[in-house]
Amino acid sequence: MPAKRREHHDDFASDDLPAARKGNDPDTAPTRCDGVEAGFAETGPKGEKLFHSIVTDELSVGRAEENNLVVRGDAKVSRRHAIVRRSGIALWIEDCGSVNGVVVNGRKINGPHELKVGDKIQIGLHHYVFARRTIG
């Protein structure tokens, strides 16, 4: 069976960080170490499974090109819509004052929300699932 080609997305630079693969880069641990990475899973426009790895202490989401995760073609997404921050081993998501807000598990959040594996996140019309996966 041929190997599946992994889609490359400019949203994150995780696959281009050799130190992160080794798990010894203090700027990426613990979200990407010991063979595990955290991120947002989504189904792409053609039904393909996508995974956006979180490898930084602070990750911005929005329409503007300067965001880490750039959401294109969705007018319900603000230029800088949400931020994900790492605190210890936890990851927290927070709305950046967007008009449409951030919805986690069907509820609009009003402050920082600690992400748990399986959380369903909606930003504009885009749906993500917070997940951890093994790498290697």
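The values are calculated or read from the model by the stated rules, or taken from the named source; none is laboratory data. All values reported here derive from a predicted model rather than from experimental measurement. Cβ placement follows ideal geometry from the backbone for every residue including glycine, while neighbour counts extend to all protein chains displayed. Areas reflect the complete protein model, heavy atoms only, side chains present, ligands, DNA and RNA absent. Shrake-Rupley method; radii C 1.70, N 1.55, O 1.52, S 1.80 Å.
Taking only the stretch 99-136 into account, find how many residues are in contact with a Ser or Thr (Cβ under 9 Å, 6 or more places away or on another chain) and on the phi > 0 side of the Ramachandran plot.
Final tally of qualifying residues: 1.
List every residue pair whose Cβ atoms sit under 7 Å apart, with the two residues 6 or more apart in sequence or on different chains, where the first one lies in the stretch 76-88 and is farther than 19 Å from residue 125 by Cβ and the second, anywhere, is of a type in the set (Asp, Glu) and part of a loop (DSSP other than H, G, I, E, B).
Between residues of the stretch 76-88 that are farther than 19 Å from residue 125 by Cβ and residues that are of a type in the set (Asp, Glu) and part of a loop (DSSP other than H, G, I, E, B), the close pairs are 85/57; 86/57.
List every residue pair whose Cβ atoms sit under 6 Å apart, with the two residues 6 or more apart in sequence or on different chains, where the first one lies in the stretch 110-130 and is free of Cβ contacts under 8 Å to residues at least 60 places away in the same chain and open to solvent by 60 Å² or more (accessible area, probe 1.4 Å) and the second, anywhere, is part of a loop (DSSP other than H, G, I, E, B) and of a type outside the set (A, V, I, L, M, F, W, C).
Listed by first residue and then by second, the contacts come to 120/105; 125/74; 125/76.
Only one of these conditions is not met by residue 93: (1) touching a Ser or Thr at 6+ places or on another chain (Cβ under 8 Å); (2) assigned to a strand (DSSP E or B); (3) open to solvent by less than 10 Å² (accessible area, probe 1.4 Å). Which number is it?
Going through (1) touching a Ser or Thr at 6+ places or on another chain (Cβ under 8 Å); (2) assigned to a strand (DSSP E or B); (3) open to solvent by less than 10 Å² (accessible area, probe 1.4 Å) one by one, residue 93 breaks only (1).
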